[in-house]
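Asker: Attaching a single structure in structure tokens format; questions to follow.
The values are calculated or read from the model by the stated rules, or taken from the named source; none is laboratory data. Fair warning: this is a prediction, and the values are worked out from it, not measured in the lab. Note that each Cβ is placed from the backbone with ideal geometry, even for glycine, and that neighbours are counted across all protein chains shown.
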Amino acid sequence: MGPVVVAHKKIHSILALLILFIVLIVELTSCGSLNEMEKNKKNTAHPAPVSPDLITASDLQHLPQPVANWLEKSGIIGKPHVHRVWLSQESEMQMSPEKEKWNSAISEQVFNADDPAFTWQVKMKMGPFNIIRGKDVFEYGKGKMNIRLLGLFPVVNESGPKIDEGSIQRFLGEISWFPQAALKAYISWEQIDAHSARAVIESHGTRGEGTFNFNNEGDFIKFTAMRYRGNEVDADRKEWVIEAKEHTTFSGIRVPSRLEATWKLEEGDWTWLKMEVTDIRYNQSRHSL
């Protein structure tokens, strides 16, 4: 066996060991991320109190008519008030307006509906050895975004007032998955017309607002907000739109299950997210089943 062949074999052996080491580190980091996710679940989705209280038609009477119609159509009457939510998602994401490639991702999210908060964790593959792990957290009026390559190397680590505002607006738009939260005192409503209403949310000094749109049948079809795109000093608000493409019933609650998110930019619309909600659990964690 010649020296070149031996050298190649040694290189391949070293590479194999290196890849094995990286995979091991990634898996260990993944376990750490999952443990951290569990910790955040405890922080953002406190154990739901046992309550016999059920939502009644009278609970909807103070709401603008299109909002009341939506809640009635969603099926929340006769269901318990919501305290915490767990859901899973499958998505396709486009990383920038200039890119044509879509990257697949899986994610899970937990919400505290009593004191607005969420933790969202995503895993996205951008190649055989390029795995992006991201986590968005919002609690006590503060938001934070963290993205790591292979779960190890920081790519994004953002916080601040613009992230806070964007996070609470995201929470507001995502109550379409748990419409019971429309009854919470931290959200105020103002009717715009027969098919839309403006919502304002406030929590721990952070404020956000957006517009909910409904169809003739009362289904939620769109949420729009002027939201910061980026956290730079010169970042300004752009129109951000969530559109429902399909509805599904989870635990007796009808919600949008296929959605798309779009930024309205000067150069044109950029639809960057196509998502399917695959499961929702109200007032219980995934691991309690």
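Asker: Are any of the residues in the range 170-189 part of a strand (DSSP E or B) and in contact with a helix residue (DSSP H, G or I) (Cβ under 6 Å, 6 or more places away or on another chain)?
Answerer: Of the range 170-189, the ones part of a strand (DSSP E or B) are 187-189.
Among the residues that remain, those that are also in contact with a helix residue (DSSP H, G or I) (Cβ under 6 Å, 6 or more places away or on another chain) are: 189.
Scanning the range 170-189 turns up at least one residue that is part of a strand (DSSP E or B) and in contact with a helix residue (DSSP H, G or I) (Cβ under 6 Å, 6 or more places away or on another chain).
Asker: Scan the range 219-226 and give yes if some residue there is more than 18 Å from the chain's Cα centre (by Cα) and either at pLDDT 95 or above or not hydrophobic (A, V, I, L, M, F, W, C) (or both), otherwise no. Please lay out each step first, then the result.
Answerer: Quick first cut of the range 219-226, residues more than 18 Å from the chain's Cα centre (by Cα) only: 219.
Retained after the next criterion (residues that are either at pLDDT 95 or above or not hydrophobic (A, V, I, L, M, F, W, C) (or both)): 219.
There is at least one residue in the range 219-226 that is more than 18 Å from the chain's Cα centre (by Cα) and either at pLDDT 95 or above or not hydrophobic (A, V, I, L, M, F, W, C) (or both).
Asker: Output the number of the condition that GLU217 fails; it satisfies all remaining conditions of (1) touching a helix residue (DSSP H, G or I) at 6+ places or on another chain (Cβ under 9 Å); (2) farther than 24 Å from ASP115 by Cβ; (3) surrounded by 14 or more Cβ atoms within 10 Å (Cβ to Cβ).
Answerer: Of the numbered conditions (1) touching a helix residue (DSSP H, G or I) at 6+ places or on another chain (Cβ under 9 Å); (2) farther than 24 Å from ASP115 by Cβ; (3) surrounded by 14 or more Cβ atoms within 10 Å (Cβ to Cβ), the odd one out for GLU217 is (3).
Asker: Mind telling me which of the residues SER58, SER30, SER88 ends up being farther than 29 Å from ASP193 by Cα, modelled with pLDDT of 50 or more and small (Gly, Ala, Ser)? Steps first, please.
Answerer: Working: SER58 fails: farther than 29 Å from ASP193 by Cα; SER30 fails: modelled with pLDDT of 50 or more.
So the residue among SER58, SER30, SER88 that is farther than 29 Å from ASP193 by Cα, modelled with pLDDT of 50 or more and small (Gly, Ala, Ser) is SER88.
Asker: I need every pair where a residue in the range 143-157 that is at pLDDT 85 or above has its Cβ under 6 Å from the Cβ of a residue that is aliphatic (A, V, I, L, M) and crowded, with 18+ Cβ neighbours inside 10 Å, sequence separation at least 6 or different chains.
Answerer: The qualifying pairs are GLY143/ILE163; LYS144/VAL137.
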